[in-house]
Amino acid sequence: MKKSINFWYVIPLLVFIGLVAFMGLGLRHDPHEVPSPLINKSAPDFTLPQLGKSETFSPHDLLGQVWLLNVWASWCVSCRDEHPILLKFARDYSVPLIGLDYKDRPQDGEGWVTNYGNPYTKIAVDLDGRVGINYGVYGVPETYVIDKKGVIRYKQIGPITEDALKNTLLPLIKELQQ
Amino acid sequence: MKTLGTLLIALFMSVSVLAKEATPVARDPVTEARLIDLSKDMRCLVCQNESLAASDADLAKDLRDQIRQLINQGKTDKEITDYMVQRYGNFIRYKPPVDATTYALWFGPFLLLLVGIGVLISVVRKRNSQSEEAPLSAQQQQHATELLRE
Amino acid sequence: MIPELGHFSLIVALCLSLFLSFFSLAGAQRGSALWIALSRPMAILLFLTVGLSFVCLAYAFITNDFSVLYVSQHSNSQLPVQYKLSAVWGGHEGSLLLWVLLLTLWTAAVAVFSQRLPDPVVSRVLGVLALVVLGFLLFILLTSNPFDRLIPAATEGRDLNPLLQDPGLVYHPPMLYMGYVGFSVAFAFAIAALISGKLDAAWARWSRPWTLAAWIFLTLGICFGSHWAYYELGWGGWWFWDPVENASFMPWLMGTALIHSLVVTEKRGAFKRWTVLLAISAFSLSLLGTFIVRSGVLTSVHAFASDPKRGIFVLIFLAFVIGGSLTLFAWRAPKVGDGGTFKLVSRETFLLVNNVLLVVAAASVLLGTIYPMVVDAMNMGKISVGPPYFDLVFVPLMLPLLLVLPLGTASNWKRDKIWQLIKDLRWDFVIALVVGGVTPVLMGQFHLMSAVGIAVAAWIILAVIKQLWAWRKMSQIPSWFWGMQLAHFGLALFVIGVTMVKSYELERDVKMGPGDTLTVDGTTFRLVGIEQVPGPNYSAVRGTVTYANNGQLDGQLFPEKRSYFSSAMPTTEAAIHSSLSRDIYVSLGQPLGDGSWSMRVYVKPFVNWIWGGCIFMALGGILAASDKRYRIQAKREKKIA
C-alpha cells in the first residue's frame, strides 16, 4: 500500500452515499400516488345516461371548451370534504364541471346532490365502473382537466383542496382557455 | 366419543349420497387459469402491495372481470397487459418492461455478478501466486500441538 | 403516573447510553482501567432502565389505559390478554421500543457473557452498541414516544388490527428483531477492531458465536413470519417478495455470507477486511430495513403508518452510523495485513464463491426493492417490482451456490487436487442426476425446474451423509461439524419443499353447498355444514369440512371467516391439515347466495419442508455456536491479554 487511503476501500462509502441521496429524494414522493399515463392523451370517449334525466352525456359534446371531469360517489368519504370546494368553484367560475357518479346506486347519487347541493353542470352515471376503468380511476375522488381538443391535461388524485384549486387547477384552466 | 362421532359422520355421509360434486366457481376453467396467471403478475392499485389475483378490493374484482372479458374476446396476453398499462401505467406490472428506465434493474444483477466474478478471479490469482507461508515459528508450533492435544 | 414513569426511564436510559458510549470508548482509548470497569455495570443498568420502560407500556396495555394515545390506537378492552401483551409491539412506537429493548438486551449479554475477553475490547464493543442505542432512543423520544397522553382519554380503544390478533404476533416480531438487532454485536466487534487496529483471528473467534446467535434468531424469525403469512392470508403463499420481507431477507443473506467468511478468518487468518465489511453491511442492511419499513417510501402489506418526519430522522441516523463506519473502514482497512495463501482449488476459494453469490443476491434484492423509489425520485414515473422479477433474478444466483456447496465442504483448506475431488464426488453427482430425473416422473409430471431442484437437493444430502460417514471413526465429532452438516441438510430440505410446492401444488376454486364433495389428488372433501360461532371479540362463520382418502374418513377441518366487532375488515382463517408429505389447505371465500360458498382448496406437497428446512438450519447454527473451542480458547486469550 502506497497511500493510507486506497481507492478500493472508499467504494462502499461512495455506494452508500449514493443510496442515501436517493432515499432522501424518495422521501419527498408519495408511493401511493400513481400518475396517469393518460395525461396528454385524448380523453376516452363514452356515452352514459345522466343522473335523473333521460338524456345522455358524451365528452365530445364539450369539444371546444375546457372542462373538468370529477369522479365521485355517495359512498366516498373524502368526497364529502371536497364537496364544498366544488360548490364554491361552480358558483365562482363558469367552467363546465361534469360529475361521474362512479359505481353508485342512482337513488343514492340523487340523494347526495339533493342533500349537499349540486355543483355539477351535468352528472353521468357509471353504474358498473367501466368508464372508470377506461380513465384509470383507482381511488375516488379524482378530477381530470380536459382541454378544448378533448385532451386530458391533468389529473388530480384524491380530493381537490383549496390549495390545489388555487395553485394548480385554476392557473392551468386559465392557460388552457387562452 | 370419537368412534361415535365417526359413526355419525359416516351415517351422515351415506345418507347424503345425493349431494353433488362441487362445481368450479368459474364457468370456464381455462379462462380462469389464464386470468390467475395474468392477474398474479399485476398489482392491485388501491391495496398495500397485493396482486390483482389475491386482492379482495372492489377495484381488483372489477379489473379481474375486465380481464376475463378481454380473454373471452380472444385478446392475447400481451394485448391484455397493454390494455391495463394504457390505463394505469407500468405501475400495474409486477414485472416491469425492459426499457431505458429499467436497464439498471434488469441488467444490474448480471453486472454485479460479473464484478463479483472479476474480484473473485483477481483475489484467487493473487493468493495463488503468493509464495507459501513461512514455516511455523516455534511459538506457533507449540500452539498447534496444544490444539491437537485437545 | 405509570406511563410517565416509563417515559422518564427512557430519558434516564438516554443519559445512560450517552455516558456508556463516552466512558467505554474514551476509557479504552486512554487505557483508563476505572472507566473501562464502569462499562459492564452500566450496560446492564441500561438494559434494566429500558426494561422498566417496556414493563410500564405493557402495564398500560393490560390495564386498558386509553389515556395513552398508543394504547388507545392498538388495543381494546375486549382484546384477549395474550394479544394485549403482544399489542405492545403491534404498532410503530411500541415495536421500536421492543427493538431498543432487544438491543440493550444484546448489549447486556455481551457485558455478562464475555467475561473472558480482554476488557478494553469489551469496553469498545459496549461503547459502539451504546451509540446505536443512543440513536434509537433519540428517535423514540423525539418522533415516536409510545407514552404520549391522549387528553381527554378515550373510553374505548380502536383495537389491534385483526390480522395481527394471532399467536404469530406473540413470537414472530421478538424473534425477528432479536436477529435483526443481533447483527449489531458483530457490527460493534468489527468497529471496535477497526478502532483499535487489532483485526486478527481472535477477533473473528470472538464475534463468531454472537453472529451465529443473531443469525439463528433471524432464520427462525423469518421462518415463523413466513408460516404465519401462509396460514393467515388465506391464499397459501409463503413468500411474497414484499419490501418488508426483503428488509429482513437482505440482512439474512449478508449474515449467511458473514458466518461463512468468519470461518475463513478464524481458521486461516484470511479475508479479514472482507469479513469486517460484511459485518458492517449486515447490520447496515438491518438499519436500512428499518428505514424502508418506517419511512413510508415503499408500499408494503406490513408497513406501519408512515410519517416523513420519522423517515428523515432514520435517514440522518443511518448516514451517521453507516457513513461513519464505512469511512472508518476506508481509513483503517488498507492498513490491515491479510494473511493466508491458498490455491485455486481449496476450501477458501469455494467459500469465496459462496460469499460472492450471497452478496450479489443480497445486492440484487436491494436493487429490486428500492428501484421503484429510485425511479420515482428521479421523476421517471412509477413502476412496481414484484415476485416475477425476484424469482427470475434470485433463482439463477442460488443454483450455482447449491452446486458448489458439496465441493466446498469436501475440499481441504489451502490446497486440494481437482482430480481427487472429482473422483470423490463423481458417483454423488450421477446419483443426484438420477434422483432428479426420476422424482418428477414418479410425481406424474415432468418439469425441468423440479428435476433440477431435486437433483441439487440430493447432491447436497449425499455430501452430508458421506461426510458424516467418513467422520464416524472420530472418537468425538466436534459440534461445529455437526452444525455445518445439519444446516446444509436443512438447506436441502428447504430446496425440496420449494421445488415440490412450485411444481406440484394443486388449487381448486369451487362453489360448495352443504353436502357437496370435491375430490383433489385422491382426497375427497365434503362440506358438512356452515354455522355461526361466537368468538371473544369477533363473530365467525365456520365451515366443517371432512376429508377422506380411499373412502376412509381421515379428519375434519374448520375454516373460518371472522368479522371483528371493532373493524370492518373480515379475516380469513384457513384450516390446514399438515403432514410430512403434503398440506391440505381449505379456506372459506364468499357466500354465493343459495346457501353455498366459494371455497379454495389447495393440496401443497412437501410445503412443510420449507419451514422444517429452516428449523434444521437454525439447529445447525445452535450446534455450531455451542462449539467448545469458543469457551476454551476465550479463556486462554484472557490469560495472554
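Rule-based calculations on the coordinates, nothing more; no lab input. Model, not experiment: these values are computed from the prediction. When we count neighbours, we look across all protein chains shown, and the Cβ atoms used for this are built from the backbone with ideal geometry, even at glycine.
Could you work out, residue by residue across A:11-20, how many beta carbons of other chains sit within 10 Å of that residue's beta carbon, and then give the average as an integer?
Working: counts 3, 11, 10, 2, 2, 11, 4, 1, 8, 8.
What the average comes to for A:11-20 is 6.
Which value in nm describes the separation of the simple spin-label points at C:Lys628 and C:Phe8, placed 7 Å from the Cα toward the beta carbon?
5.1
Using θ = phi - 60° and the Karplus curve 6.51 cos²θ - 1.76 cosθ + 1.60, what whole-Hz ³J(HN,Hα) does each residue of the stretch C:122-128 get, with Gly and Pro shown as x?
Those phi angles translate into 4, 4, 5, 4, 5, x, 5 Hz.
Would you list, by chain and number, the aspartates and glutamates whose Cα falls below 12 Å from the Cα of C:Lys272, excluding same-chain residues fewer than 8 positions away?
Cross-link targets: C:Asp200, C:Asp338.
Ignoring everything except DSSP H segments at least 4 long, calculate the 222 nm mean residue ellipticity for chain C; use -39,500 (n - 2.57) per segment, divide by total residues, nearest 500.
Details: 18 runs with 414 residues, N = 641.
When only DSSP H runs of four or more count, the value is -22500 deg cm²/dmol.
What ranking, highest mean first, results for peptides A:40-50, B:51-61 when packing means the other Cβ atoms within 10 Å averaged over each residue?
Ranking, from highest mean packing down: B:51-61, A:40-50.
Contour minus end-to-end for C:Val336 and C:Leu392, with contour as 0.36 nm per residue of separation and end-to-end as the Cα-Cα distance?
Length gained between C:Val336 and C:Leu392: 16.3 nm.
Let me confirm one metric for peptide B:79-89, namely the mean number of other chain beta-carbon atoms within 10 Å of its residues' beta-carbons.
Mean inter-chain Cβ contacts per residue within 10 Å come to 4.
Consider a paramagnetic label point 7 Å from the Cα of A:Lys88 along Cα→Cβ; state which residues of the stretch A:140-178 have an amide N under 14 Å from it.
Residues A:160-170 qualify, since their backbone N sits under 14 Å from the label point.
Kirkwood Rh over alpha-carbon pairs of the stretch A:48-177, then Stokes-Einstein at 25 °C and 0.890 mPa s: what D in µm² s⁻¹, rounded to an integer?
168
May I ask you to compute the full-extension gain from C:Ser563 to C:Ala33, defined as 0.36 nm times their residue separation minus their alpha-carbon distance, rounded to one decimal in nm? Show your work: numbers first, answer last.
Details: separation 530, 0.36 × 530 = 190.80 nm, distance 6.20 nm.
Net length gain for the segment: 184.6 nm.
Residue by residue through the stretch C:492-500, what is 3J(HN,Hα) from phi via Karplus (6.51 cos²θ - 1.76 cosθ + 1.60, θ = phi - 60°)? Round to whole Hz and write x for glycine and proline.
5, 4, 4, 4, 4, x, 4, 4, 5
Mind scanning C:Lys382/C:Lys561; C:Lys198/C:Lys628; C:Lys84/C:Lys511 and naming the pairs with a C-alpha gap bigger than 26 Å?
Going by Cα-Cα distance, C:Lys382/C:Lys561; C:Lys84/C:Lys511 fall outside the 26 Å limit.
What is the set of long-range amide H partners of C:Val520 at a cut-off below 5 Å, with H atoms built 1.01 Å from backbone N?
Hits under the 5 Å cutoff: C:Phe525.
Scale the Cα Rg of chain C by the rule-of-thumb value 2.2 N^0.38 Å and send over the ratio, two decimals. The partial results should precede the final answer.
Numbers: Rg = 26.3 Å, N = 641, 2.2 N^0.38 = 25.6 Å.
Dividing the Cα radius of gyration by 2.2 N^0.38 Å gives 1.03.
Assuming R0 = 30 Å, can you tell me the calculated FRET efficiency for the pair C:Leu448 and C:Val520, based on Cβ-Cβ distance, to the nearest 0.05?
Efficiency, rounded to the nearest 0.05: 0.75.
What residues qualify as long-range amide H neighbours of C:Thr341, i.e. H under 5 Å apart, gap of 5 or more or another chain, H built at 1.01 Å from N?
B:Glu133
So how do A:99-106, C:569-576, C:12-19 stack up, highest first, on mean other-Cβ count within 10 Å?
Details: A:99-106: 22.8, C:569-576: 18.1, C:12-19: 20.2.
With the highest mean Cβ count within 10 Å placed first, the list reads A:99-106, C:12-19, C:569-576.
Could you sort C:456-468, C:412-424 so that the peptide with the highest average Cβ count within 10 Å comes first and the rest follow in order?
C:456-468, C:412-424
Could you pull out every residue, at least 5 positions away or on a different chain, whose amide H is within less than 5 Å of the one on C:Trp597? Hs are placed 1.01 Å off N in the peptide plane, and Pro or chain starts have none.
Correct list: C:Met512, C:Gly513, C:Leu592.
Across the stretch C:423-439, in residue order, what do the Karplus-derived ³J(HN,Hα) couplings come to in whole Hz, using 6.51 cos²θ - 1.76 cosθ + 1.60 with θ = phi - 60° and x for Gly and Pro?
After applying 6.51 cos²θ - 1.76 cosθ + 1.60, I find 4, 5, 9, 4, 6, 3, 4, 5, 4, 4, 4, 5, 4, x, x, 7, 3 Hz.
Please compute the modelled spin-label separation between A:Lys41 and C:Gln556, points set 7 Å along Cα→Cβ, answer in nm with one decimal.
Calculated label separation equals 5.5 nm.
Can you tell me how much longer the chain between C:Thr63 and C:Leu468 gets when fully stretched, taken as 0.36 nm per residue apart minus their C-alpha distance, in nm with one decimal?
Numbers: separation 405, 0.36 × 405 = 145.80 nm, distance 5.49 nm.
Roughly 140.3 nm would be gained on extension.
At a Cα cut-off below 18 Å, give the lysines reachable from C:Lys604, other chains included and same-chain residues fewer than 8 away excluded.
The reachable lysines, counting only those whose Cα sits under 18 Å from C:Lys604, are C:Lys502.
In angstroms, what radius of gyration and Dmax does the stretch B:26-97 have, counting Cα atoms only?
Looking at the stretch B:26-97, its Cα Rg and Dmax stand at 11.2, 32 Å.
Counting pairs of Cα atoms in the protein assembly as shown, how many percent are more than 47 Å apart? Intermediate values should be presented prior to the final figure.
Numbers: 162457 of 468996 pairs.
So the portion of pairs separated by more than 47 Å is 35 percent.
Would you please give the FRET efficiency between A:Ala164 and B:Asp82, computed as 1/(1 + (r/R0)^6) with r the Cβ-Cβ distance and R0 = 30 Å, to the nearest 0.05?
Working: r = 31 Å, r/R0 = 1.05.
For R0 = 30 Å, the calculated efficiency reads 0.45.
Take the Cβ-Cβ distance between B:Lys75 and C:Ile44 as r, set R0 to 45 Å, and report the resulting FRET efficiency rounded to the nearest 0.05.
After rounding to 0.05, the efficiency reads 0.10.
Treating cross-link reach as a plain straight distance, find the lysines whose alpha-carbon is under 17 Å from the alpha-carbon of A:Lys149, omitting any fewer than eight places away in the same chain.
Filter leaves A:Lys41, A:Lys174.
Please compute the average number of Cβ atoms from other chains found within 10 Å of each residue's Cβ in peptide C:272-282. Can you show the working numbers first?
Working: counts 0, 2, 2, 0, 0, 3, 0, 0, 2, 2, 0.
Across C:272-282, the average partner-chain Cβ count within 10 Å equals 1.
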